[in-house]
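Heads up, the thing below is written out as structure tokens.
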Amino acid sequence: MFDLFQPFPASPELNFETLLRDELEQKSLLSGIKPGMRIAVGVGSRGIANLQEIVTTVLDLLRSSGAEPFIVPAMGSHGGATPSGQQAVLAEFGITPDTTGVHFETSMEVQQIGLFFDRYPVVFSSAALKADGVVIINRIKPHTDFFGNLGSGLQKMLAIGFGKHTGAINAHRAASQIGHETAIRQTAKVILQTVPVLFGIAILEDQHHQTYDVRAIPRADIAEEEDRLFAKAQELLPKLPFPLIDLLIVDEIGKEISGTGMDTNVIGRDVLGYFASLQPSQNVGTHINRIFVRDLSHATNGNGIGIGLADFTTTRLVNALNRNYTYTNALTSLGLPTAKIPMYFDTDYKAISNAVSSLALTPPNDLRIVRIKNTLSMDHILVSERLASDAALLPSVNVGKNPVNLEFDNHENLTDFQPIR
């Protein structure tokens, strides 16, 4: 295997306190806050770079204006759809009452606040509705469950995150009939007309999974500005540089990595199912014949959603699954194939051997194999000899000169691969 580096532009050095203060002051977003106002700040369940620092900065700026902010976990059904589970998810990102200095309102209770298209109910967190204002903090990024001009971001957090388990179910059921983008936009429209949303904090990340930019968006501009930032987020999404891969080895999947454990925009597989054909599809950027997932990330807390997008996995991953978290997520999103368990083996060696044998009669020297840490870590990957040869013709990558064999420990499991940041 050869080291392959995608030389993405260097991440900017950002001072979040200065950046956010300037954004809020220039747009007069703190001028309407009166002393003693209770502000519900929504924080979600994604592994966003610098999330703790961004959240605490926003809280400090709200407090300096005299407000009394508190945190509402805005993550739909994640964390097993329980108050303690959702608070535990935020704790994995360093966001706790102690680190933020504010209390958490973790109730799953919601209230219906309206309808759209005269038939689809819109609900919102009861705890947030009791506040004098609402602030949304979320990353804008192409989604893994659907494609279009909207993805994860401020409107999705309003529609699904603040909707808790009930809102997530409602949104996904509506999406099954009218599409995700329409369901999210229409739900968010009702919320923005009804709930005292003050502003949103939109985060963009670069190809290194580092913060690229942070913007404060006034309530009235959320829909239009999110469209513009979404287009930029699509440009920043890292991809695999090959049209065809025989075997992709993924060291870990997890909810903090992607809503589907591993990003469907990277692996080219659909959450509603895929065909394990050895014939490349014409409508996918990268066609991957076989995917082997080794482990769950620690931060995913046993939620193995997305494992159904793999062809092979390990016994240890299956044993680490929290079925309640995984099944709740799959049943809420209606993406049932993402929770299916693929063939699993006791060791990495056996899984890889069987994956390779399932590639029919491909000569060993022609195998196109890639190993990645996860679908967020794409700047340094490992590639087989055939792909290293193909990469030599690409102007956008650098290939190392000293190949090494895949190394297995005494238990026949791969030794750690740490991408270079």
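Looking at segment 59-138, the strands (runs of 3 or more DSSP E) lying wholly inside it that each contain 1 or more residues that are farther than 27 Å from Leu334 by Cβ and touching a helix residue (DSSP H, G or I) at 6+ places or on another chain (Cβ under 8 Å) sit at 68-73. Filtered by the rule that a residue be assigned to a helix (DSSP H, G or I) and touching a strand residue (DSSP E or B) at 6+ places or on another chain (Cβ under 7 Å), segment 1-18 gives a lone residue, Phe16. Under the condition of being among the basic types (Lys, Arg) and modelled with pLDDT under 95, which residue from segment 165-216 is farthest from Ala128 (Cα to Cα)? For segment 165-216, the residue satisfying everything is Arg173.
Evaluation of Thr332 against the conditions (1) among the hydroxyl-bearing types (Ser, Thr, Tyr); (2) out of contact with any strand residue (DSSP E or B) (no Cβ under 8 Å at 6 or more places or on another chain); (3) closer than 16 Å to Met1 by Cβ shows that the sole unmet condition is (3).
Could you tell me whether any residue of segment 252-260 is surrounded by fewer than 19 Cβ atoms within 10 Å (Cβ to Cβ), assigned to a strand (DSSP E or B) and touching a residue at least 12 places away in the same chain (Cβ under 8 Å)?
no
Screening Val318 against (1) surrounded by 24 or more Cβ atoms within 10 Å (Cβ to Cβ); (2) of a type in the set (Val, Ile, Thr); (3) modelled with pLDDT of 90 or more leaves a single unmet condition, (1). Would you check which residues across segment 1-27 are surrounded by fewer than 10 Cβ atoms within 10 Å (Cβ to Cβ) and over 23 Å from the mean Cα position of the chain (by Cα) and list them? Across segment 1-27, the qualifying residue is only Gln26. Scanning segment 393-421 for residues that are within 22 Å of Gln207 (Cβ to Cβ), surrounded by fewer than 18 Cβ atoms within 10 Å (Cβ to Cβ) and not hydrophobic (A, V, I, L, M, F, W, C) gives Pro395, Ser396, Asn398, Gly400, Gln418, Arg421.
With respect to Pro83, is the statement that it is closer than 30 Å to Arg323 by Cβ and surrounded by fewer than 21 Cβ atoms within 10 Å (Cβ to Cβ) true? Taking the combined requirement at face value, the residue satisfies it.
Of the residues examined, Gly47 is one that is outside any helix (DSSP H, G or I), assigned by TED's automatic domain parsing to the domain that holds Pro196, within 30 Å of Val404 (Cβ to Cβ) and in contact with a Phe, Trp or Tyr (Cβ under 8 Å, 6 or more places away or on another chain). Flag: Ser64 does not match the condition of being at negative phi, surrounded by 24 or more Cβ atoms within 10 Å (Cβ to Cβ) and in the same structural domain as Gly153 (by TED's automatic domain parsing).
Within segment 333-392, if we keep just the residues that are over 25 Å from Pro238 (Cα atoms) and basic (Lys, Arg), the residue that is surrounded by the fewest Cβ atoms within 10 Å (Cβ to Cβ) turns out to be Lys340.
Among the residues that make up segment 115-122, is at least one of them on the phi > 0 side of the Ramachandran plot and under 23 Å from the mean Cα position of the chain (by Cα)? No; the residues of segment 115-122 include none that is on the phi > 0 side of the Ramachandran plot and under 23 Å from the mean Cα position of the chain (by Cα). Within segment 164-180, being among the charged types (D, E, K, R) and farther than 12 Å from Met75 by Cα holds for one residue alone: Arg173. Using the structure shown, decide if Gly153 is closer than 19 Å to Gln186 by Cβ, buried (at least 24 other Cβ atoms within 10 Å of the Cβ), touching an Asp or Glu at 6+ places or on another chain (Cβ under 7 Å) and at pLDDT below 95. Spelling it out, Gly153 is indeed closer than 19 Å to Gln186 by Cβ, buried (at least 24 other Cβ atoms within 10 Å of the Cβ), touching an Asp or Glu at 6+ places or on another chain (Cβ under 7 Å) and at pLDDT below 95.
Contact annotation: residue pairs with Cβ atoms under 6 Å, 6 or more positions apart or on different chains, pairing a residue in segment 343-358 that is in contact (Cβ under 8 Å) with a residue 60 or more places away in the chain with a partner that is aliphatic (A, V, I, L, M), are Asp348/Leu414; Ala355/Leu247. Whether any residue in segment 23-39 is in contact (Cβ under 8 Å) with a residue 40 or more places away in the chain, on the phi < 0 side of the Ramachandran plot and assigned to a strand (DSSP E or B) is what I want to check. Yes: one or more hits.
The values are calculated or read from the model by the stated rules, or taken from the named source; none is laboratory data. Bear in mind the structure is a predicted one, so any value in this text is a computation, not a measurement. No Cβ is skipped: glycine too gets one built from the backbone with ideal geometry, and neighbour counts run over all protein chains shown.
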